[in-house]
1. Could you count how many residues in region 123-141 are at pLDDT 90 or above and surrounded by 14 or more Cβ atoms within 10 Å (Cβ to Cβ)?
2. Cβ contacts < 6 Å: first residue within 22 Å of residue 186 (Cα to Cα), restricted to region 342-362; second residue modelled with pLDDT under 70 and surrounded by 12 or more Cβ atoms within 10 Å (Cβ to Cβ), any location; separation 6+ or different chain. Result?
3. From (1) surrounded by fewer than 18 Cβ atoms within 10 Å (Cβ to Cβ); (2) in a helix (DSSP H, G or I), pick out the condition that doesn't hold for residue 44.
4. Checking residue 216 against (1) touching a residue at least 24 places away in the same chain (Cβ under 8 Å); (2) surrounded by fewer than 22 Cβ atoms within 10 Å (Cβ to Cβ): exactly one of these is not met. Which one?
5. Could you please let me know if residue 164 is among the hydrophobic types (A, V, I, L, M, F, W, C) and surrounded by fewer than 22 Cβ atoms within 10 Å (Cβ to Cβ)?
6. Restricting attention to region 317-328, does a residue exist that is among the aromatic types (Phe, Trp, Tyr) and at pLDDT below 80?
7. How about region 62-82: which of its residues are under 18 Å from residue 184 (Cα atoms) and in a helix (DSSP H, G or I)?
8. Tell me which residues, restricted to region 7-26, are farther than 18 Å from residue 47 by Cβ and either in contact with a Cys (Cβ under 8 Å, 6 or more places away or on another chain) or buried (at least 18 other Cβ atoms within 10 Å of the Cβ) (or both).
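The values are calculated or read from the model by the stated rules, or taken from the named source; none is laboratory data. Note that the structure is a prediction, hence the values are computed from the model and not measured. Cβ sites come from the backbone with ideal geometry, for glycine too, and all protein chains shown count toward neighbours.
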Amino acid sequence: MREYLLTLFVSAAVTYLLTGAVRRFAIAAGAMPEIRARDVHKEPTPRLGGMAMFGGLCAGLLIARHLPGMEVVFTGSTDVQALLSGCALICLLGVVDDKWGVDAIIKLLGQALAAGVMVWQGIVILWLPIPGQGTVSLTPTQGAILTIAVVVITINAVNFVDGLDGLAAGMVCIAAVAFFAYAYRLWFGYGIEGAAAPTMFTALLIGICAGFLPHNLHPARIFMGDSGSMLIGLMLAAAAITLTGRLDPEVIAAQAGSETFATHKLVPVYIPLVLPFAVLIVPLIDLVMAVTRRGWAGRSPFAADKGHLHHRLLEIGHSHSRAVLIMYFWSGLIASFTVLISVRPDRRPIVYAGLGFIALGLLVLMLPWFRPRVPKTLHGVVPPRYRGRGRRRARDVADSAGSADGSVITAEDEHHRATAEHGQQPWRGSESGTQPGSAPVSGTRSRSQSPLL
């Protein structure tokens, strides 16, 4: 475990440090597209964050190459070379798209090319373990086509969900954590050597996502762009293929003791690619809904719009941060449930109880009007929208008491009183800049002017 943690921390640190330099380079290079109708940010933000993520990947691989516990990944197969080649191509395509823009069809062909390069170098689905049917071997052509399809679908699922600050990086990081836990259990729990590569790939993926997130959380200082979203999508697909598409169920059954035991304990291995699709179920649902919606309206499936799940969360009243947290919760809930299928039966009640509490918390989080009461001692570590409830309530009580004799406290009176307390002249230093003789300043903000809840 120490080797994987070291690899993770190195890739995270390098990604974090490179992101600042990449941001300055993106600004100088003009990689700051104008605000589009479907965007939710208010001012142009630099992209090209995928360049920093690719740098973190290379640094992590360089460190892992010299760690004794990971020698089997570099000497036993060509998976590392295949992953690095595919990531380099997809990142280059993304950089071109972030700077100049690329047609959707050309981008799709580029994604298929990157997947094809990985297939050519050895990352390919060899067989499908199907319950009740046994292991179904695939021909080279079938394996190549299925591998390319899985890679392209995963890349576009991650690309589609990259619509809010920190959303794609956080969701892929959650998926990678779940995937790492499962692959690590196969590798060290059952001694299955084929799980060594996906264990390392997911550790690297966690690192680059965690290193980029501090720069990408709302309000984001830089976007990962297509160079980043396609990169992490390809890495997740590569980990899925090397784990579920190349492991022989008979080996797992031999390690587990019996095929029945293996089927019960290791269900994700017996259902082709169920784990990566399960942990990415939210963006995949969004992808299917987007294609269906656009096709029903007679538009191209690649035509951008504001009908994604995160856009709908904003429309019903959630704030930017809360919409991201809701998507995080859904992804974490589904990923945890999928991975914990293989937990020992005597521990399942505890697992289900924990998942039930998470579901309850998610239900509360789904309420746009809900605002938790935060003690004053925690005001320094929570967003501003969660502060000041007590002060507002006290002001409302004071207003009610002040008007008990029938008088009315106007906004102008409130302003004069506030300025007098601070030793200022009336109408001087007002945030609104209102001058004497102009319309009085409203004491409240209208609903249409208020920020998203």
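1. Looking only at that region, the number is 2.
2. Pairs found: 342/265; 342/266; 351/343.
3. It fails just one condition, (2).
4. Condition (2) is where residue 216 drops out.
5. The answer is no for residue 164.
6. Within region 317-328, none of the residues are among the aromatic types (Phe, Trp, Tyr) and at pLDDT below 80.
7. Result: 64, 68, 69, 70, 71, 72, 73, 74, 79, 80.
8. 7, 8, 10, 11, 12, 14
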